[in-house]
Amino acid sequence: MMKNKFTSIQLNIRSDQLTVLNVSDNTRLMVDCGQVWLTHTHSNQDYVLQAGAHLTVSAGKVLIDSMQTGNAWVTVSESTQTPALVSWLHTWQRKVQHTPAVCVCVVV
């Protein structure tokens, strides 16, 4: 029996660069600071979320952009089974190794 673990990564969303994420089912996007625009492959809606707001999405591609001058912070959280956890962290490490403003947190 595999245990589920909750994994999170905090991303610095730049206003001059569209951020594209491939997410799994029930991924929670929480705006920690700023205001963002986002859309999801399985939705025909655009969303504008401010600090404190969150949205849970199904598996697919998510596009995020900061709606203000400067950056916004978004925490992306997923439930990950134990064997997939290490793979998930290594994938994110490769994606963000040149981005110092990223924090990865695992809660058991």
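The values are calculated or read from the model by the stated rules, or taken from the named source; none is laboratory data. Just so we're clear, the structure is a prediction, and the values are computed from it rather than from any experiment. Virtual Cβ from ideal backbone geometry, glycine too; neighbours counted across all protein chains shown.
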Filtering region 65-75 for residues that are surrounded by 17 or more Cβ atoms within 10 Å (Cβ to Cβ) and either of a type in the set (Gly, Ala, Ser) or modelled with pLDDT of 95 or more (or both) leaves a count of 2
Among the residues of region 16-38, the number that are under 13 Å from the mean Cα position of the chain (by Cα), polar (S, T, N, Q) and surrounded by fewer than 16 Cβ atoms within 10 Å (Cβ to Cβ) is 3
*Residue check for Leu49: out of contact with any Asp or Glu (no Cβ under 7 Å at 6 or more places or on another chain), buried (at least 16 other Cβ atoms within 10 Å of the Cβ) and modelled with pLDDT of 85 or more*: yes
When region 5-51 is checked residue by residue, the ones that are closer than 15 Å to Met67 by Cα, of a type in the set (Gly, Ala, Ser) and either without any contact (Cβ under 8 Å) to a residue 24 or more places away in the chain or touching a helix residue (DSSP H, G or I) at 6+ places or on another chain (Cβ under 8 Å) (or both) are Ala51
